[in-house]
Structures are given as structure tokens and as C-alpha cells.
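Q: One structure coming up, written as C-alpha cells, with questions to follow.
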Amino acid sequence: MPADKPVALVVGASRGIGRQVAIDLANNGYAVVVAAKSVTDPSKPVVPFPPNPNSPASTITTVAREILSAGHDATAVQVDVRSPESIKALVSKTLSTYGRIDVLVYNSGAIFWASVPSTPLKRFQLMQRVNPEGLYATIEATLPHLRPSGRIIVVSPPIYSRFFRGKTAYAMGKIGMSVLTKGLAMDFEREGSKDMAITSIWPAVAIESGATEQFTRANPDEANDLRKATIFSDAILAILAAPPSVVNGELLLDEDFLRDHAGVTDFSKYNVVPGTSPRRMLPQKLPDLTVAEQDDEGKRYNSSKDKAKL
């Protein structure tokens, strides 16, 4: 049955940031497709419910149940973003269930932080398949259904040198996702698609997750530098509320966008530990990637018009 409300497809929504984004989109009037690999048997209820949102007990099954229990609309669909066929099946299920897609949030990610000599090729390949390749395949499958108006939100960072340090293999994929944001935004502008927008977003301060729980268990004081995932979902809601021209092609930080465009001045409600001042991870000022454009950019090639030679 076609949805009478906007539909958001959240990929990577089983726990942590993705779970919070799915729940808050539902709370704000979206029908939400909750997608990820992890599922649980609905005939075996999770106890306690809801489970720890940063634990393996939190799956797309439990997230969809949380949303439905609150009186909102959600459908859980399992997907493996390494498989184009699985992604196409996800999009097909979304359309057969709701008849439309208005928002795509891509939060799936594989993480391995280490120097180049300490990162095995298989780890590098996994990160590329889940991060930039998974994003590309998901956009390719959803884009025809997002037009002529639609929003894409990508969880990827601004581009700056310090991000590469100590995690080059990971950074190659995540920065590639940000390049996709910049490039697709240029395509939208060139085509005159004024109602389309793609935006990247990244946390300015570390957000509690399954990964950070490993550190806080070993050192509880680490929680002093963490924020709740609600800051990220609030920033995404603010991005979706902004005109496409304001956010298209932007590589945003959650805190900065909320301050500059949503009027938020007090961020203490997002602190995991009340009364603390979490340390900002990201630089206060980021590089401007634009350059002065020359009048003649040279001959532009379009390989899609010359497929016979490829």
C-alpha cells in the first residue's frame, strides 16, 4: 500500500547512530525502512526490550519493533551492501511496501583503524566494498526513485589531512564517499535538478556506539568525551528541513550545522555524562576545496556515450 507520508530508507540502522536516526525519522512523520544485515527471530522476543542500542542484541528486527510500538510506521528489510542483488531487492521491497522513496540515509560502515603496514589487504577490500562501493550501489539503485525530488544523507567526513593519520585504508574509503557527495551534487546542479540534494555529515565530537563501549568498559572516564546519538539524528532532521540549495554537496559536521542553521546554542543535553565538556575531534576550521575556475575547462568526455569502445 503506498505510503501517505514521506518514506526514509535507512541503511545501517541496526544499532547506534543508524538506530537513532531511524527512530527519530519515524517520530517526525516518516515511514522508515530499517535496513542492515543483523536480524533476530521475531518469534523469540528479546529480553529486556528494548535492548541496549549499542549492543549486538539491537537488530533491524528490534528497531522496527521499537518504532511500531511507539505507534509509527516501520519495515525491517535485511540487506548486504556488498551485494548489488541484495540492494536491488531492498529497493524493490521498499517500493512494493510504500510505493516511494523520499530520503536515503547511508550509515553502513566497516571500520579498521591501523597504519598501512598493519592493515591486511582483505581488511582494506572489505572496507571498500561496504563503504564507497556499497554507497555507490545503493545510490545507483535508489536514485531513479528519488527523482525528481529527494534527499540523500551520507555518513562520511569532511576532507582534511589529519583524517588520514593512522587509518589510511579506512580514510581512503570514507573520503571516497565524500567525493561521491561532491560529485553527485555537481551532477544535480548541471542537470538543473534543484529539488535534489546529497549531503555528507560527520560528528564533531565522538558519539557513543558499540565501538566506544569497548573503550568505556576499560576506562569509564572515556565516556566524558562522548555525546548521545540524538545529536546526529537532530542534525539530519535539520538538513532535511533546509532548502536543497543550502545543503547540496556539503560536507557537514553535526554540531556546526545545528548551531549555524538550527539555532542550537546549548549542546549539554547531548552529553553522555551530565556536566562534562566533551572534547571536539574535528578542527574548528576545515579546508575550502573550491578553486578559481578557468573559463575554458578543456574538452569534457562522457564515457557513457562511447560504451562500444570500452
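The values are calculated or read from the model by the stated rules, or taken from the named source; none is laboratory data. Not measured: the values here are computed from a predicted model. Positions of Cβ are backbone-derived with ideal geometry, glycine not excepted, and every protein chain shown enters the neighbour counts.
Q: Being charged (D, E, K, R) and out of contact with any strand residue (DSSP E or B) (no Cβ under 6 Å at 6 or more places or on another chain) is the filter; apply it to the range 223-253 and report the residue that is nearest to residue 15 (Cα to Cα). It would help to see each step written out before you state the result.
A: Initial filter on the range 223-253 (charged (D, E, K, R)): 225, 227-228, 234, 250.
Checking which are out of contact with any strand residue (DSSP E or B) (no Cβ under 6 Å at 6 or more places or on another chain) leaves us with 225, 228, 234.
Details: 225: 20, 228: 13, 234: 17 Å.
In this case the residue turns out to be 228.
Q: Which one is farthest from the chain's Cα centre (by Cα) among residues in the range 144-176 that are under 15 Å from residue 202 (Cα atoms) and of a type in the set (Val, Ile, Thr)?
A: Checked the range 144-176; the qualifying residue farthest from the chain's Cα centre (by Cα) is 159.
Q: Here's another thing I want to ask about it. Out of the residues in the range 79-107 that are of a type in the set (Gly, Ala, Ser) and in a helix (DSSP H, G or I), state the one that is surrounded by the fewest Cβ atoms within 10 Å (Cβ to Cβ). First the steps, then the outcome.
A: Keep residues of the range 79-107 that are of a type in the set (Gly, Ala, Ser), which gives 83, 86, 89, 92, 96, 99.
Next, only the ones that are in a helix (DSSP H, G or I) stay: 86, 89, 92, 96.
On the way: 86: 18, 89: 16, 92: 12, 96: 9.
The qualifying residue surrounded by the fewest Cβ atoms within 10 Å (Cβ to Cβ) is 96.
Q: Moving on to the next point. Filter the range 7-33 down to the residues that are assigned to a loop (DSSP other than H, G, I, E, B), in contact (Cβ under 8 Å) with a residue 60 or more places away in the chain and either farther than 10 Å from residue 63 by Cβ or of a type in the set (A, V, I, L, M, F, W, C) (or both) and list them by number.
A: First, the residues of the range 7-33 that are assigned to a loop (DSSP other than H, G, I, E, B): 12-15, 28-30.
Of the ones still in play, those that are also in contact (Cβ under 8 Å) with a residue 60 or more places away in the chain are 12-13, 15, 28, 30.
12, 13, 28, 30, listed by residue number.
Q: Only residues that are hydrophobic (A, V, I, L, M, F, W, C), at pLDDT 95 or above and either surrounded by fewer than 16 Cβ atoms within 10 Å (Cβ to Cβ) or assigned to a helix (DSSP H, G or I) (or both): list them for the range 210-251, please.
A: The answer is 231, 232, 235, 236, 237, 238, 239, 240, 241, 246, 247.
Q: Does residue 47 meet the test of being buried (at least 18 other Cβ atoms within 10 Å of the Cβ) and out of contact with any strand residue (DSSP E or B) (no Cβ under 6 Å at 6 or more places or on another chain)?
A: Numbers: buried (at least 18 other Cβ atoms within 10 Å of the Cβ): no; out of contact with any strand residue (DSSP E or B) (no Cβ under 6 Å at 6 or more places or on another chain): yes.
For residue 47, the condition - buried (at least 18 other Cβ atoms within 10 Å of the Cβ) and out of contact with any strand residue (DSSP E or B) (no Cβ under 6 Å at 6 or more places or on another chain) - is not met.
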